[in-house]
Every structure is written in structure tokens, then in C-alpha cells.
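Have a look at the structure below before the remarks.
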Amino acid sequence: FSTQEVTVVFFLGGPGSGKGTQSANLERDYGFVHLSAGDLLRAEQVREGSQYGELIRNYIREGKIVPMEITVALLSNAMADSLAATPPPAGTKARFLIDGFPRKLDQAVFFEDTVCPSELVLFLDCPEEVMESRLLKRGETSGRDDDNAESIRKRFRTFVDTSMPVVDAFQAQNKVVSVKATGSVDDVYAEIKSGIQARGL
Ligand code: UP5
Ligand code: MG
């Protein structure tokens with residue numbers, strides 16, 4: 001995809017920082033198509049006939065990052081499907097909000113080289129104690145294999161060691177809008193709106 005036809009915004013932040021929650025707001029108000037890499041992987045995990053089901057299940061439970069060939073194929077297929085199903089009005093660009101990807105430096109480079117460069121990176125900045133209590137609470141009902149204390153600890157480790165360097169690299173390119181994610185859902189969304197409007201999106 002060229003940046004003439006689509007706008008890609010990466011939405012990053014630790015596990016439980018609120019990416020999915022705020023994506024729903026952004027989808028409603030800004031015409032973004034929300035693509036969660038984690039949701040796409042979970043759908044592929046349970047898809048009849050998928051050869052990756054078991055692999056994805058194990059990676060997610062261990063809080064490890066699934067090999068990027070799988071994730072990037074799912075994302076670029078979802079982008080193509082969305083463009084085919086609902087092409088943007090003439091003269092406008094489709095906007096994709098890519099939630100929870102890229103989580104590793106080589107994935108960022110690969111996606112931007114082979115699929116589409118990003119316009120902006122939205123980052124939710126949230127302390128681990130806050131994220132942990134949100135995830136444990138959600139785990140009471142979510143049914144997610146990774147919403148348990150042990151998996152959460154592993155997800156935090158991967159985030160600090162592997163995914164934060166991606167945010168730092170985009171920061172060095174001055175592409176990041178960073179928002180404190182500890183307030184209420186409405187407070188965080190208000191900050192997101194002012195942050196992205198300041199960037200002209
Ligand atoms: N909540 C949200 N905002 C709140 C607020 N302001 N105040 C109070 N509560 C708030 O929110 C989490 C919970 O907090 C919810 O109950 C919500 O109501 C509440 P949510 O919006 O779901 O947060 P989110 O950041 O989306 O958390 P999520 O758990 O989805 O983050 P992860 O990044 O861990 O999960 P993801 O699905 O992206 O990835 C899961 C796994 O898939 C990864 O660990 C990895 O193994 C794999 N993966 C890859 O390998 N590659 C990828 O590219 C992507 C994923
Ligand atoms: Mg999510």
C-alpha cells in the first residue's frame with residue numbers, strides 16, 4: 001500500500017494500557033479501521049484448518065512474540081480485505097489504526113518496508129501496577145489464556161525488553177504521541193484527541 005492511498009497509525013502501549021478500549025473511541029470518531037494484531041492472532045489460533053493454531057496459543061500464553069511472517073500476513077490481508085469491502089470515498093485515504101504491533105524492531109522495519117510506512121505512533125504510557133490490576137480484573141471474565149498472574153509477568157518482561165525499544169526508535173524519528181494512560185477512559189481519550197489533533201490527523 002502506498003501512503004497516497006492509506007494512512008497507518010501504530011497504537012502501542014503495555015499489556016492492559018487500554019489500546020483496545022481507546023481504539024473503539026478512535027474508530028467511532030476518526031473513521032479509523034481498527035486492526036488489533038492480538039485479535040487477529042487469536043482468530044487465526046482458532047480458525048479451522050489453520051496450521052499455526054498451536055504455535056500461536058503457546059506464544060501468547062508465554063507472552064512471547066509470534067514470528068512476524070504470520071502477524072504481518074494477517075495484518076496486510078486484513079487491510080486488503082477492508083479496502084475491498086469498504087473503499088474510502090474518492091479523494092480520501094483509508095485510515096488504519098494498528099493496535100499492538102509492531103512489538104519488535106525488526107517487525108517495524110519489515111512492515112514499513114513491505115506493507116506501508118506509518119504516519120504516526122500513538123503510545124499509552126502506563127505503570128505496571130495499574131496495568132496488572134486491570135488485567136487481573138479482566139481475567140475474571142475474559143477467558144484469555146494470558147490474563148493470569150504468570151502470563152502477565154511474562155508479557156511485561158517482553159514489553160520492557162523487546163517492545164519499548166520500538167517506541168524509543170519511533171521517538172527518535174519524532175513520530176510518537178505519548179499519552180499518560182492512568183486516568184479514566186474519558187480522561188485518557190481526551191488527551192489522545194488533543195495529541196493527535198496537534199499532529200493534524
Ligand atoms: N481499562 C482500559 N482503560 C482503562 C482506564 N482508563 N481505566 C480503567 N480501566 C481501563 O484494557 C485492559 C483492561 O483495562 C480492560 O478490562 C479495560 O476495560 C480496562 P484494553 O483496552 O483491553 O487494553 P489493551 O492495551 O488492549 O490490553 P491487551 O491485553 O489487549 O494488551 P496486549 O498488548 O497484552 O495484548 P494483545 O492482544 O495486543 O497481544 C496479546 C499477545 O499476542 C502478545 O502478548 C503476544 O504474545 C501476541 N502478539 C504477537 O505475538 N505479535 C503482535 O504483533 C501482537 C500480539
Ligand atoms: Mg488489546
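Rule-based calculations on the coordinates, nothing more; no lab input. Not measured: the values here are computed from a predicted model. Cβ: placed from backbone, ideal geometry, glycine included. Neighbour counts: every protein chain shown.
General observations
- Counting every C-alpha pair in region 47-89, the share spaced more than 11 angstrom apart comes to 71%.
- Sites matching GluC sites (Glu not before Pro) across region 30-88 that sit in DSSP coil, with at most 12 neighbouring C-beta atoms within 10 Å: Glu48
- The distance from the alpha carbon centre of region 106-170 to that of region 27-90 is 15 Å, rounded to a whole number.
- Kirkwood Rh and Cα Rg combined as Rg/Rh, region 75-201: 0.99
- Between Ser133 and Thr86, the C-beta separation translates, for a Förster distance of 45 Å, into a calculated FRET efficiency of about 0.75.
- Report summary: the helix-based calculation at 222 nm, which adds -39500 (n - 2.57) for every DSSP H run with n ≥ 4 and divides by the residues of the chain, gives -16000 deg cm²/dmol.
- Amide H within-cut-off set for Gly13, under 5 Å, with H built and near neighbours excluded: Leu124
- Number of Lys-Lys pairs in the chain with C-alpha atoms under 30 Å apart and a separation of 8 or more places or on different chains: 29.
- At full extension, Gln171 and Glu62 could sit 36.4 nm farther apart than now, given 0.36 nm per residue minus the alpha carbon distance.
- Table column - 3J(HN,Hα) (Hz), region 27-42, Karplus curve with 6.51, -1.76, 1.60, x for Gly and Pro: 5, 5, 9, 10, x, 6, 8, 8, 10, 8, 4, x, 4, 5, 5, 5
- Here's how it looks for Ser178: its modeled amide H is under 5 Å from those of Phe123, which are all 5 or more places away or on a different chain.
- Convex hull volume of the Cα atoms of region 30-150, normalised per residue: 145 Å³.
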